[in-house]
Amino acid sequence: MEKTFAMIKPDAVNRGLIGEIISRFENSGLKIEALKMINANPDIVANLYPDNEDWLRSVGQKMSNTYKRYEKDIVADMGTDDTLELGKMVRQWLVEYITMGPIVIMILSGNHAVDVVRKLIWDTNPVLAQPGSIRGDFSVDSADFANSAHRAIYNLVHASGSVKEAEDEIALWFGGN
Ligand code: ADP
Ligand code: MG
């Protein structure tokens, strides 16, 4: 059985969606192995998102693509179109977002748990997330809208993107416990 890590982010806790989100995970057939509500330490959040150039540029590139898609001027909003600089901004906004209020972190297990949870949450950008998914059903936020306000996309949940990410994130948030 595979394990994955998921987090109910502060916007979802604030909106009273903890029960709804946990239900969707449980209804899928996945098992909750561990779960706790915490206030995140900014140092841990900084470690959740990689500080390497590849990751920063990939996030910056996604942002740049969104601006192109909606024919908006990224330099006017962000002051730069350099993908590395954009990635660094997103990383800083993420620390602010995840420490905005309490969060719920959990370990889920089951057949292909990583892919199943990614399917349940769907696209990073809620306006592009399929109806029936958590992000698609409960948010209309988008990268361009969030970025013009200089903040992270409020997309309710985090989930590991690969088995390796899941191992690292479980160790980071649950330690040896
Ligand atoms: P996911 O959470 O779908 O795995 P990423 O790992 O690419 O997405 O990004 C991590 C988080 O950073 C996202 O969930 C979102 O909150 C935020 N984020 C990503 N891209 C942007 C962006 N262009 N602008 C603002 N926030 C972003
Ligand atoms: Mg990710």
Practice task
Within the range 115-125, count every residue that is without any contact (Cβ under 8 Å) to a residue 40 or more places away in the chain and within 15 Å of TYR67 (Cα to Cα).
Solution key: 0
Completion exercise
Wholly inside the range 13-76, helices (runs of 4 or more DSSP H) that include 3 or more residues that are closer than 23 Å to LYS88 by Cα and either modelled with pLDDT of 95 or more or acidic (Asp, Glu) (or both) are 53-69
Exercise for the section: Please work out which residue is nearest to ASN39 (Cα to Cα), limiting yourself to the range 101-126 and to residues that are within 15 Å of ligand 1 (Cβ to nearest atom) and surrounded by fewer than 18 Cβ atoms within 10 Å (Cβ to Cβ). Expected result: GLY101
Handout entry: Test: VAL117 is closer than 20 Å to ASP168 by Cα, assigned to a helix (DSSP H, G or I) and touching a Leu at 6+ places or on another chain (Cβ under 8 Å)
Key = yes
Exercise for the section: Scan the range 141-149 and give yes if some residue there is surrounded by fewer than 16 Cβ atoms within 10 Å (Cβ to Cβ) and within 11 Å of the chain's Cα centre (by Cα), otherwise no. Expected result: no
Practice task
Run down ALA149, ALA159, ALA129 and say which single residue is modelled with pLDDT under 95 and within 13 Å of ligand 1 (Cβ to nearest atom).
Solution key: ALA149
Fill in the blank from the handout: Over the range 34-68, the set of residues without any contact (Cβ under 8 Å) to a residue 24 or more places away in the chain and among the charged types (D, E, K, R) is ASP43, ASP54, LYS68
Practice task
Would you mind listing the helices (runs of 4 or more DSSP H) fully within the range 125-177 where at least 1 residues are within 12 Å of ligand 2 (Cβ to nearest atom) and within 26 Å of HIS112 (Cα to Cα)?
Solution key: 163-174
Practice task
Among the candidates ILE18, ILE32, ILE8, single out the residue that is surrounded by 18 or more Cβ atoms within 10 Å (Cβ to Cβ) and β-branched (Val, Ile, Thr).
Solution key: ILE8
Exercise for the section: Within the range 89-109, work out how many residues are among the charged types (D, E, K, R) and at pLDDT below 95. Expected result: 1
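The values are calculated or read from the model by the stated rules, or taken from the named source; none is laboratory data. Model, not experiment: these values are computed from the prediction. Reconstructed Cβ throughout: ideal geometry from the backbone, glycine too, with neighbour counts over all protein chains shown.
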